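First comes the structure, then the notes that go with it.
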Amino acid sequence: MGAMIRKYREVARVHLKSQLAWRADVIFQMFFTIGRILFAYLLWKVIFDGRDEVAGFGFDGMLSYYIFSSFLTQLDLSQGISEEIHNRIRGGTFSKYMVLPVHTEGYFLAMEVGVVLFYLIFDLIAAFVWVLVFGIRLQITEELWVVLCAVLMVALGLLFMVQLTYYLGLLTLKYQGIGTFLMIKNNLVALITGSIVPLVLLPESVVGVMRLLPFYYVTYLPSMLLVGRCREETVAGLAVLAMWCLALQAVICVTWEKYSRRYDGAGI
């Protein structure tokens, strides 16, 4: 077990170091985070003109939510996993991952950990800069257990997104293309994670349906917990997200067993 952990740790370390070769990507990543917060600042500045509160949020509370949600949104860098798997399978070079002395899914998970740890630093810097530049009074809950639960939920959310993109990549073993699946996933993520607008602004009946889906717990609920809201959903949220992770893992195992035999290392 210790030897296997060291292997995955080495994979994460290699991919963390490899990000240093892509300095332009780091700059763009910071600009995306800053741009998202800037857009929210300008938009809600107009909306709050003459108002003290919108949907229970003050201006600083709304901006705090967007800082947290933008930060968490930029941490999800799993999109490239499905694209990498798709291109490797179609090109007949996916076998390079199948012969590694680690589990294929575990390799991509460790890779994601290394990449996220690298960008985590710069996303934190970008968020901190905007707090200082705009003089935002960042609102964050003082309840330590809520913060810890939010961090755990973020970790589970990132795990789920890696599982999902890995699974969508594996669908190349069955389907000629996975573009449609990726489009559906991206649209669901953009809407239900609350990265566009806080879901609290939507009708409760709509939000109730969204609570059944894992994307609700990836960005939106952790962000709300960090600003001191929706604490009553904490335990249920962790349970729902954990069940989705377990269910998706079972689907991944079945899909791999069923379709990996079709791959002959020469493309499909």
Inset, instruction - Evaluate the following for Glu142: is it part of a helix (DSSP H, G or I), surrounded by fewer than 17 Cβ atoms within 10 Å (Cβ to Cβ) and among the acidic types (Asp, Glu)? - result: no
Legend entry - segment 184-211, residues that are in contact (Cβ under 8 Å) with a residue 12 or more places away in the chain and outside any helix (DSSP H, G or I): Thr193, Gly194, Ser195, Pro198, Arg211
Inset, instruction - Name the single residue, out of those in segment 118-145 being within 15 Å of Gly35 (Cα to Cα) and not aliphatic (A, V, I, L, M), that is farthest from the chain's Cα centre (by Cα). - result: Phe134
Legend entry - Residue that is farthest from Trp256 (Cα to Cα) [pool: residues in segment 95-114 that are among the hydrophobic types (A, V, I, L, M, F, W, C) and modelled with pLDDT of 80 or more]: Val113
Legend entry - Single residue of segment 236-246 satisfying the filter (in contact with a helix residue (DSSP H, G or I) (Cβ under 9 Å, 6 or more places away or on another chain) and small (Gly, Ala, Ser)) that is surrounded by the fewest Cβ atoms within 10 Å (Cβ to Cβ): Ala242
Inset, instruction - Just need a number here: residues in segment 74-106 that are part of a loop (DSSP other than H, G, I, E, B) and more than 23 Å from the chain's Cα centre (by Cα). - result: 7
Legend entry - Complete set of residues in segment 212-238 that are on the phi < 0 side of the Ramachandran plot and in a loop (DSSP other than H, G, I, E, B): Leu212, Leu213, Val218, Thr219, Val227, Arg229
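The values are calculated or read from the model by the stated rules, or taken from the named source; none is laboratory data. The structure presented is a predicted model; accordingly, all values stated were derived computationally and were not measured. Here Cβ is always computed from backbone atoms with ideal geometry, including for glycine, and neighbour counts include all displayed protein chains.
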